[in-house]
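Below is one structure, written out as structure tokens, with a few remarks after it.
The values are calculated or read from the model by the stated rules, or taken from the named source; none is laboratory data. Values in this document were obtained by computation on a predicted structure and should not be read as measured data. Virtual Cβ from ideal backbone geometry, glycine too; neighbours counted across all protein chains shown. To get the accessible areas, we keep the full protein, side chains included, count just its heavy atoms, and leave off ligands, DNA and RNA. Shrake-Rupley method; radii C 1.70, N 1.55, O 1.52, S 1.80 Å.
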Amino acid sequence: MKINGNEIRPGNVIEHNGGLWVAVKTAHVKPGKGGAFAQVELKNLIDGTKLNERFRASETVERVRLEQKDYQYLYAEGEMLVFMDTETFEQLELQKDFVGERSAFLQDGMMVTVESHDDRPIGIQLPDQVVLTIVEADPVVKGQTATSSYKPAVMENGMRVMVPPFIESGEKILVDTNEITYLRRAD
């Protein structure tokens, strides 16, 4: 689908210079002299490189629609993560590097959304929040309220997170998978 250069919005995926790019930031600039243009910060979906481009309203770019499909996480095998299509029961193997550090949040049976273009996986979306158990939390130091009262804790997946002082080892908490931050106690 062709769109004008001034219609690019953050989150749009476009085909540019023979690659797939996602718009990270856009700013519309109207200089005193000359025509208006959109200053767009692009990030390559394949290798992660960044690029700043100017698009005039008269230019057209190809907007790409990514195919989104739900998969269920099954297990990790070495450096590979195995997912299953819940409709066709086909299995999809992705490198741990593809998911990145957020792969630590994957739990058996968790549903994820895999974005692909021409049957090639490009991105993966985990649930925004997961429930994890605290396995190690520092004891509270009394009278330490003058500074930030958060303390470090280790979750069952081995990742560290800052938690309020009332959180003890063995408690279940809700964690934001995008920011890797504590949200609240789990119900």
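A few notes on this one:
- Among the trypsin sites (Lys or Arg not before Pro) in region 55-92, those located in a DSSP loop and surrounded by at most 10 other Cβ atoms within 10 Å of their own Cβ are ARG65.
- In the complete set of protein chains, residue-level accessible area for ARG54 is approximately 140 Å², probe 1.4 angstrom.
- Solvent exposure, largest accessible area first (probe 1.4 Å, DNA, RNA and ligands not counted), of VAL29, VAL40: VAL29, VAL40
- Of all accessible heavy-atom area on the chain, the percent that carbon and sulfur account for (1.4 Å): 46
- For the residue pairs LYS25/LYS172; LYS2/LYS33; LYS30/LYS50, alpha carbon separations beyond 31 Å are given by LYS25/LYS172.
- Average projection area in nm² (convex hull over Cα atoms of the chain, one quarter of hull surface): 15.6
- Calculated accessible area for region 45-122 comes out at 64 Å² per residue, all protein chains present (probe 1.4 Å; ligands, DNA, RNA ignored).
- Modelled label positions at THR113 and ASP128, each set 7 Å beyond Cα in the direction of Cβ, lie 1.1 nm from each other.
- Rounded to the nearest 10 Å², the accessible area of SER58 at probe 1.4 Å: 100
- For region 1-46, the Kirkwood estimate of the hydrodynamic radius, built from every pair of different alpha carbons, is 11.3 Å.
- Here the gap between ASN178 and GLU77, fully extended at 0.36 nm per residue and compared with their Cα-Cα distance, gives a gain of 34.0 nm.
- Shape call, region 21-100: gyration tensor on alpha carbons, a/c limit 1.5: prolate
- From the alpha carbon centroid of region 56-79 to that of region 80-111 is 15 Å.
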